[in-house]
Amino acid sequence: MKKVAVIMGSDSDLPVVGKAIDKLGDFGVPVEVHVMSAHRTPEAAAAFSASAADKGFGVIITPVPQDKSGGFHKNPSPGILKVLLSILNHKTS
């Protein structure tokens, strides 16, 4: 079974994505959680995303924060977009 990576820009996203992590665990899906920012640590995010498929990941979940107007950013972290995996954006409020 492919693994799921949950990539958060900071650990403050954990209360929201924690629900998804718990649900995946309920279904027996292997999950790894990583804190890295494509904005603050772009090299780390790019390196992770470039090797994700080779490390057995099939999906990357990234939270999408609200912008200042109350809407949501439309794109996930740019470093994560370098992979050819399914990317699920979980909107945070």
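The values are calculated or read from the model by the stated rules, or taken from the named source; none is laboratory data. This structure is a prediction, so every number in the text was calculated from the model and none was measured. A quick note on method: Cβ atoms are made from the backbone with ideal geometry, for glycine too, and the neighbour counts reach across all protein chains shown. Accessible surface areas use protein heavy atoms only, side chains included; no ligands, DNA or RNA. Shrake-Rupley method; radii C 1.70, N 1.55, O 1.52, S 1.80 Å.
Pull up segment 1-21, narrow it to residues that are of a type in the set (D, E, K, R) and farther than 19 Å from Gly58 by Cβ, then point me to the one that is most open to solvent (accessible area, probe 1.4 Å).
Of everything passing the filter in segment 1-21, Lys19 is most open to solvent (accessible area, probe 1.4 Å).
From the list Lys55, Lys82, exactly one residue is at pLDDT below 90 and on the phi < 0 side of the Ramachandran plot. Which is it?
Lys82
Six or more apart or on different chains, Cβ atoms under 9 Å: show the pairs whose first residue is in segment 32-47 and without any contact (Cβ under 8 Å) to a residue 40 or more places away in the chain and whose second is of a type in the set (Asp, Glu).
Hits for this filter: Val35/Asp11; Val35/Asp13.
In this structure, is Val16 at pLDDT 85 or above and either in a loop (DSSP other than H, G, I, E, B) or of a type outside the set (Ser, Thr, Tyr) (or both)?
So Val16 does not fit the description; no.
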